[in-house]
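J.: The structure under discussion is supplied below as structure tokens; questions concerning it will follow.
The values are calculated or read from the model by the stated rules, or taken from the named source; none is laboratory data. These figures come from a predicted structure and were not determined experimentally. Cβ: placed from backbone, ideal geometry, glycine included. Neighbour counts: every protein chain shown. With ligands, DNA and RNA removed, areas are computed over all heavy atoms of the protein, side chains included. Shrake-Rupley method; radii C 1.70, N 1.55, O 1.52, S 1.80 Å.
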Amino acid sequence: MSIVTISAALGSAGDVVGQALAEELSYTFADREIILKAAERLGQGVAELEQLLESRPTLRERLLETRRDYLAAVEAVIWEFAARDNVVLVGRGSTFVLQRLRHAFRVRVTAPLHVRARRLEAVRGLVPDAEEVVAKSDRDWAARIRHLYDAGLDDPLQYDLVLNTARLDLPAAVASIRAALTAERFHATATTLAEARDRCLTARVHAALLCHPRTRELGLFFSCRDGHVSLSGRVARDDQRRVAEEVVQALPGVDRVLSEVVVILPPSAPPGP
């Protein structure tokens, strides 16, 4: 049992490699499904969410960390797939979201710029300045990953395997990943599966609190272990505490909420003269 994450450069055919691998292993395959599930939960358009994830972060976003709820929702979906195990995840930052999960196998699929540009034209028809389109995608996605995860998209040390699909055809690329997956290092254990479940629940709680209009600005703290969620922090009103507890308790996988949220009433105005 394993988790494979594929970071695919535009025009690299990484999605094709991932789908073929999933079919051979009888694993779940998730690419666009990640965005679709996150958008459905947020009640937002898929195009807007894709734009956020794939474009270069703006100065305003860097300063204000806008759309944290969007990102939290996407990460929660990625962790839900990971917690099921036996999955191939392509793109959407999944390699970097799961970078500390021990048994996740991280793959980078790429090819020379001119090769990827020609493939893009083959799929989309004549693309003006195809090489610049691919190069801009590389720059924007690298900036996004640096902003979100402080990591280099093309740093080979971020991956367990880097594949050049200009040199490897589809069967060879899939065979290379399958051969590497035989290493015990990338097999799930009871410990790593429990870790994935805990992190999945943590991501769900984070997303739920950020996405709810009455809890997103509360700044509460939480930790998750074996279905138990510990919730703490300070709020100004008792109804804020109750809503936060109810939002968390309603999440799938939550068995118990241990709440240490404290209501700190604002100081009363001093009496007039």
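J.: Has region 36-50 got any residue that is out of contact with any Leu (no Cβ under 9 Å at 6 or more places or on another chain), outside any helix (DSSP H, G or I) and either at pLDDT 75 or above or open to solvent by less than 10 Å² (accessible area, probe 1.4 Å) (or both)?
T.: Checked region 36-50: no residue is out of contact with any Leu (no Cβ under 9 Å at 6 or more places or on another chain), outside any helix (DSSP H, G or I) and either at pLDDT 75 or above or open to solvent by less than 10 Å² (accessible area, probe 1.4 Å) (or both).
J.: Tally the residues that are touching a strand residue (DSSP E or B) at 6+ places or on another chain (Cβ under 8 Å) and either over 19 Å from TYR159 (Cα atoms) or not in a helix (DSSP H, G or I) (or both), restricting the search to region 1-18.
T.: Looking only at that region, the number is 10.
J.: Here's something else I'd like to know. Looking only at residues in region 183-207 that are within 15 Å of the chain's Cα centre (by Cα) and not basic (Lys, Arg), which one is most open to solvent (accessible area, probe 1.4 Å)?
T.: HIS206
J.: In this structure, is ALA82 at pLDDT below 95 and within 19 Å of LEU201 (Cβ to Cβ)?
T.: yes
J.: Now for a different question. So, LEU163, is that one part of a strand (DSSP E or B) and in contact (Cβ under 8 Å) with a residue 12 or more places away in the chain or not? I'd like the intermediate steps shown before the answer.
T.: Details: part of a strand (DSSP E or B): yes; in contact (Cβ under 8 Å) with a residue 12 or more places away in the chain: yes.
When the stated conditions are applied, LEU163 passes them.
J.: Would you confirm whether or not region 126-143 contains a residue that is open to solvent by less than 30 Å² (accessible area, probe 1.4 Å), part of a helix (DSSP H, G or I) and of a type outside the set (A, V, I, L, M)?
T.: yes
J.: List, please: which pairs have Cβ atoms under 9 Å, are six or more places apart or on different chains, and start with a residue in region 138-149 that is closer than 19 Å to ARG68 by Cα and end with one that is among the basic types (Lys, Arg) and assigned to a helix (DSSP H, G or I)?
T.: HIS147/ARG62
J.: While we're here: Restricting to region 228-252, what's the tally of residues that are within 21 Å of the chain's Cα centre (by Cα) and part of a loop (DSSP other than H, G, I, E, B)?
T.: 2
J.: Shifting gears a bit: I'd like to know if region 149-167 contains one or more residues that are modelled with pLDDT under 90 and either within 20 Å of PHE81 (Cα to Cα) or surrounded by 14 or more Cβ atoms within 10 Å (Cβ to Cβ) (or both).
T.: Yes, region 149-167 has at least one match.
J.: Say we look at region 136-194 and pick out the residues that are aromatic (Phe, Trp, Tyr) and in contact with a strand residue (DSSP E or B) (Cβ under 8 Å, 6 or more places away or on another chain); which of these is nearest to VAL88 (Cα to Cα)? Explain how you work it out, then say what you get.
T.: Narrowing region 136-194 to residues aromatic (Phe, Trp, Tyr): 141, 149, 159, 186.
In the following step, the residues that additionally are in contact with a strand residue (DSSP E or B) (Cβ under 8 Å, 6 or more places away or on another chain) were identified as 159, 186.
Working: TYR159: 15, PHE186: 13 Å.
This residue is PHE186.
J.: Which condition from (1) within 21 Å of PHE105 (Cα to Cα); (2) out of contact with any helix residue (DSSP H, G or I) (no Cβ under 6 Å at 6 or more places or on another chain); (3) basic (Lys, Arg) is the one that ARG144 breaks?
T.: Unmet condition: (1).
J.: Then there's this: Among the residues of region 181-213, write down those that are polar (S, T, N, Q) and within 14 Å of GLY253 (Cβ to Cβ).
T.: Listed by number, the list holds a single entry, THR202.
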